Amino acid sequence: MNDALILLFGFSRTALEIATKLKKQGYAFRLVDYDPAALVKAQKEGFDLIVCDYGDDDALESLGIAQNVGFVFCLFDDDVHNVFLTLSVRAIDPNVPIIATTHTKDAVHKLEIAGATTILDPYQITGKKIYKLITQPEVMQIVETTIFGEEDVNMAQLTVTETSPLNGTLLSQYSAWKAYNMLLLGLHDKEFNKEFIFITEGHTHKLDAGDVLVVIGSRSEIRRFKTDFCLE
Amino acid sequence: MSLAALVIRFAYFLDTSVSYRRLKEAARTLLEYPHSKIKFYFDIFMVFLVVLSVLCLLYEVKHPDESILEWIIQGSLFIFILEYLLRFWIYSDSHAIVIEDYEYALKNNLPFSLGRALVKVVRKKLDYVFSPLAIIDLLAILPSYRPLRFLRIFLLFRIFKLFRYARSMKTFAAILHEKKFELLTLAIFAGFVIFAGSSAIYIFETNQNPKINTLFDAIYWSIVTMGTVGYGDIVPLTQEGMAVSMVLIILGVCVLAFLTSIIVSSFQNKLVELKENRLYYDIEKLERYILICGYGRVGEVVAKMLHEDGNALVIIDTDAAKIKLAQERGLIGIVGDASKSKLLGTLGIEKRATHIICATNSDELNIFITLSARSLSPHATIIARVIKAAHKKKYLLAGANYAFSADETIGLLGAQLVTQPVSYAALEGILSENTGIVFESIFVHEYSFFNRQTVTALSLSSRRLLLFGIVRQDESTCEKYFFFNPADDFVLQPHDSLIVMGRKHAINAFRKQNEKRSRE
């Protein structure tokens, strides 16, 4: 999906964070805002920005929605904009994943109705993190410094290919991956529904091509595992 | 050796004596420190004693020969005297005054005067003796001394002793004190009216009215009239007298109305304060609590979850509406500015706040709160919400233990969602805990079941748990190291923390087994 375009609506601080991360990983994205003032701000940060009235469906289509747009982010600081934009985009393209942020509790439900695929609630996430930090400080510290942080422990997803030795094996039988300093967190089985299955659920899974494993480990270990088992 | 040298030596002896200090400290805990539990019980006991002794006194009026009553009265008297003396003792540190004077003289090369130091000591103690509560205490004791039996009525002063033990009574006294000026003005006016009225009736009626013979009768009559009581035992007979009484009645109503309104309005003002005091009192009772500054959405989410877990919380917000919301949800909320050190000080955060959460929606405010909180409380864990990710460093500089930026997390999640949708799902599941899978830490102590065992012995996979890593604290340096995915032969030590992932009940079962004492 690398070639699909990612649209980031609303030049908020969140948009800036996402854009920075995407730029680092070489994804194609466009920042969009209705406010010409945002253009100046974006240029200051080294990004280009399209000024566009998102209320106009033609304008949305001209951005490539329903054609080559792979993801739409609604990141306005105002929920009203986010809900309206989600609805407009969903009306044009029923399939594109829409990710929206929200700032009030009410908006979560409205965004769901409007057709957002994923809703990111910054307050909920921050609140939960703080809660976790108080009740389980060690866990949160580890999660912060490893998964989110600068330490060389990363989370990565690996897809099982046709030629992989893992293809067709039962997960419980196969323990060769234990030779790598990494943890198998869980997997996404193509045959099952969309949900992610954590390894601790203990089901015996037959791995097929197309299944996705999520592992945690150092970058180099993951790379070694990836090449050894012909994963993508 | 001169007397002065002896006194100084004795003062130094007291100053260095541990047992003396301990004894005094114990007395203060019993009588003074508002947080001490024992004072609370002591106060209740004293209230009971005061009521009991007054009841006995009343009973004794008609039954003077009951010996048990005498015992109770004598016993309570003994306790009252003891209390009075204890309070007298702990009111000031006399030896400290002497030492201070002596050292001041030494440093400035002045001759030390024992007399001046003693005067200071005595003056300080006299401060106590003449304080209103001490006078009441003394009056409650004195009439029991036989030669002073005629002062029996003052035994009722014991009731006033209750002032010492009840906060609300103190508030009433405070109101009277606060409105001193208004009340004094009114009293002068009333006194003038009474004086004028009684002299007038005295002049007009002394010879006409058989009931008014002395000035005292006249004053009695005018007060009864002015207070709108009007017993009717003394009635003006002359027309002049009736005119005086009419004027007096009208003025009397006015004075009463003024008096009532002064006290009521003052009470109403005080009521808000009283409620707040009640709140602070509730907070004072909490031994440990988590302080949340800012009851916005983040604060709300955190407060809800922590409250459900049964943690004691104190919430501060400048917005009264938000605090009201918090109070409706059964939380302790205070309307106030958390950046004020004074407020944080009154809340006692330096001793009793274990965690301080800065969750307002302004970086400047959050940093300011972090700074003031850190300066007051070096040990509390301060967690701050960062609004603009660029400011994160400043939070850590200000003394925050952790600083979170929601934007950063959202940015990371958003980017993850695009680049690795499946690992996003995993991450989301971990963070939101909606899937029932949680990360938790399990502490290994000296007597843990799994102490000194290898990772293999934990048989985690059969328990459906995943060992993410182990946090080990170096015993000498106290530094913490994290071992990611430890090898099978890794041996657990006391003070290790296992970070495991799995379903909540599986983790709980594992934790329970860990808590069992090892077989040896």
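The values are calculated or read from the model by the stated rules, or taken from the named source; none is laboratory data. Here the structure is a predicted model, which means the values were calculated and not measured. A quick note on method: Cβ atoms are made from the backbone with ideal geometry, for glycine too, and the neighbour counts reach across all protein chains shown.
Considering only the stretch A:67-83, how many residues are touching a helix residue (DSSP H, G or I) at 6+ places or on another chain (Cβ under 9 Å), in a loop (DSSP other than H, G, I, E, B) and closer than 20 Å to B:Ile410 by Cβ?
The qualifying residues number 3.
So if I check each of B:Val193, B:Val244, which one is touching a residue at least 40 places away in the same chain (Cβ under 8 Å), crowded, with 17+ Cβ neighbours inside 10 Å and within 49 Å of the chain's Cα centre (by Cα)?
The conditions single out B:Val193.
Condition first: in contact with a helix residue (DSSP H, G or I) (Cβ under 6 Å, 6 or more places away or on another chain), assigned to a helix (DSSP H, G or I) and among the hydrophobic types (A, V, I, L, M, F, W, C). Now tell me which residues in the stretch B:398-426 satisfy that.
If the condition is that a residue be in contact with a helix residue (DSSP H, G or I) (Cβ under 6 Å, 6 or more places away or on another chain), assigned to a helix (DSSP H, G or I) and among the hydrophobic types (A, V, I, L, M, F, W, C), then B:Ala398, B:Ala406, B:Ile410, B:Ala415, B:Leu417 are the ones that fit.
When residues of the stretch A:78-106 are filtered for being at pLDDT below 85 and not β-branched (Val, Ile, Thr), how many remain?
The total comes to 3.
Quick check: anything in the stretch A:64-74 without any contact (Cβ under 8 Å) to a residue 60 or more places away in the chain, among the small types (Gly, Ala, Ser) and in the same structural domain as A:Thr102 (by TED's automatic domain parsing)?
yes
Check A:Thr163, A:Thr159, A:Thr126 and return the single one that is at pLDDT 80 or above and out of contact with any strand residue (DSSP E or B) (no Cβ under 8 Å at 6 or more places or on another chain).
A:Thr163
Pick out the one residue from B:Asp496, B:Asp488 that is surrounded by fewer than 14 Cβ atoms within 10 Å (Cβ to Cβ) and not polar (S, T, N, Q).
When all the criteria are applied, what remains is B:Asp488.
Listed residues B:Leu286, B:Leu279, B:Leu271; which is of a type in the set (A, V, I, L, M, F, W, C), at pLDDT below 85 and surrounded by fewer than 15 Cβ atoms within 10 Å (Cβ to Cβ)?
B:Leu271
Which ones in the stretch B:339-361 are among the aliphatic types (A, V, I, L, M) and within 18 Å of the chain's Cα centre (by Cα)?
B:Leu343, B:Leu344, B:Leu347, B:Ile349, B:Ala353, listed by residue number.
With (1) facing chain A (nearest Cβ under 8 Å); (2) within 18 Å of A:Ile197 (Cβ to Cβ); (3) assigned to a helix (DSSP H, G or I) as the list, and B:Phe439 as the residue in question, which single condition is left unmet?
Only one criterion is unmet by B:Phe439, namely (3).
For a quick check of your reading of the model, give me the residue pairs whose first member lies in the stretch B:256-269 and is over 18 Å from B:Val229 (Cβ atoms), whose second is not in a helix (DSSP H, G or I), with beta-carbon atoms closer than 7 Å and at least 6 apart or on different chains.
Close Cβ pairs satisfying both conditions: B:Ile262/B:Lys179; B:Ser266/B:Lys179.
Results for (1) part of a helix (DSSP H, G or I); (2) within 26 Å of B:Tyr295 (Cα to Cα), shown as yes or no for each residue.
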{"position": "A:Ile50", "(1), (2)": "no, no"}
{"position": "A:Glu61", "(1), (2)": "yes, no"}
{"position": "A:Ile65", "(1), (2)": "no, no"}
{"position": "A:His109", "(1), (2)": "yes, yes"}
{"position": "A:Ile113", "(1), (2)": "yes, no"}
{"position": "A:Ala116", "(1), (2)": "no, no"}
{"position": "A:Gly127", "(1), (2)": "yes, yes"}
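Counting only residues that are in contact with a Cys (Cβ under 8 Å, 6 or more places away or on another chain), give me the helices (runs of 4 or more DSSP H) lying completely in the stretch B:44-134 with at least 3 of them.
Where helices (runs of 4 or more DSSP H) fall fully within the stretch B:44-134 and carry at least 3 residues being in contact with a Cys (Cβ under 8 Å, 6 or more places away or on another chain), they are B:67-90.
Among the residues of the stretch B:1-48, which ones are farther than 30 Å from B:Lys285 by Cα, touching a residue at least 24 places away in the same chain (Cβ under 8 Å) and not hydroxyl-bearing (Ser, Thr, Tyr)?
B:Leu3, B:Ala4, B:Val7, B:Ile8, B:Phe10, B:Ala11, B:Leu14, B:Asp15
Look at the stretch B:464-520 and say how many of its residues are within 27 Å of A:Gly217 (Cβ to Cβ) and either in contact (Cβ under 8 Å) with a residue 40 or more places away in the chain or among the polar types (S, T, N, Q) (or both).
So the count comes out to 21.
Condition check ((1) within 14 Å of another protein chain (Cβ to nearest Cβ); (2) under 14 Å from A:Phe9 (Cβ atoms)) across all residues:
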site	(1), (2)
A:Ala37	no, no
A:Val69	yes, yes
A:Val83	no, yes
A:Glu112	no, no
A:Thr118	yes, no
A:Lys129	yes, no
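Restricting to the stretch A:12-27, give me the number of residues that are at the interface with chain B (Cβ under 8 Å from one of its Cβ atoms), assigned to a helix (DSSP H, G or I) and of a type outside the set (Lys, Arg).
So the count comes out to 6.
Could you list, in sequence order, the residues of the stretch B:362-407 that are within 24 Å of the chain's Cα centre (by Cα) and within 9 Å of chain A (Cβ to nearest Cβ)?
B:Thr381
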